Amino acid sequence: MRLILWIFCVVVLSGCLGMPASVKPVSGFELKNYLGKWYEVARLDHSFERGLSQVTAEYRMRDDGGVAVVNRGYSRETNEWQEAEGRAYFVNGPTEAYLKVSFFGPFYGSYVVFALDRDHYSYAFVSGPNNDYLWLLARTPSVEPAVMEKFLQMSQARGFDINRLIDVRALP
């Protein structure tokens, strides 16, 4: 049931392309370095992820040139893994980290990488279409304190309410 709700919420957001005025996508983006598994370290809470821990996102190439997306998280409430599969495509071209993502039909929402470890692609700061959507993703389930501090500073400077952030590592 939670998966259905998750997909429904994504659909509601799907008409939401664009990004907060204070957010600019990373340029010089290299998709081949971004592909693979990412762990959600922190996020703003949403009904489609509420109560989920051990959240991961996995990205791989699709035959049509897009990106396959698999989001997965554990619900302690139901003692089950929840999973949603989607697809993503670049909005302005493959070197700008601004994608549109769909988990259902023709409806898309924004996925904007606004900060990234360019050397190792070990962390990414991601926004949705407005300041209600924010994620810190990393290649490992936790990050160095300096990365977390950078995430908090950059997010607050861009108008995100960092007081509402959930540290996914602290979830049961």
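Collect the residues in the stretch 83-107 that are assigned to a strand (DSSP E or B), out of contact with any Asp or Glu (no Cβ under 9 Å at 6 or more places or on another chain) and not charged (D, E, K, R), keeping them in residue-number order.
Scanning the stretch 83-107 gives ALA84, GLY86, ALA88, TYR98, LEU99, VAL101, SER102, PHE104, PHE107.
Residues in the stretch 59-92 that are closer than 15 Å to LYS32 by Cβ and either of a type outside the set (A, V, I, L, M) or over 13 Å from the mean Cα position of the chain (by Cα) (or both): TYR59, ARG60, MET61, ARG62, GLY65, GLY66, VAL67, ALA68, PHE90. Of all the listed residues (SER110, SER53), the sole one being touching a Cys at 6+ places or on another chain (Cβ under 8 Å), assigned to a strand (DSSP E or B) and either of a type in the set (D, E, K, R) or at negative phi (or both) is SER110.
To keep it simple, each residue is scored yes or no on (1) in contact with a Lys or Arg (Cβ under 8 Å, 6 or more places away or on another chain); (2) assigned to a helix (DSSP H, G or I); (3) over 23 Å from SER22 (Cα atoms).
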site: ARG72; (1), (2), (3): no, no, yes
site: TRP81; (1), (2), (3): yes, no, yes
site: VAL126; (1), (2), (3): no, no, no
site: MET148; (1), (2), (3): no, yes, no
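For the stretch 31-39, indicate whether the set of residues that are buried (at least 17 other Cβ atoms within 10 Å of the Cβ), within 15 Å of the chain's Cα centre (by Cα), over 15 Å from ALA97 (Cα atoms) and at pLDDT 95 or above is non-empty. Yes, that holds for at least one residue.
The values are calculated or read from the model by the stated rules, or taken from the named source; none is laboratory data. Nothing here was measured: the structure is a model prediction, and the numbers come from that model. FYI the Cβ positions are ideal-geometry reconstructions off the backbone, even for glycines, and counts take in every protein chain you see.
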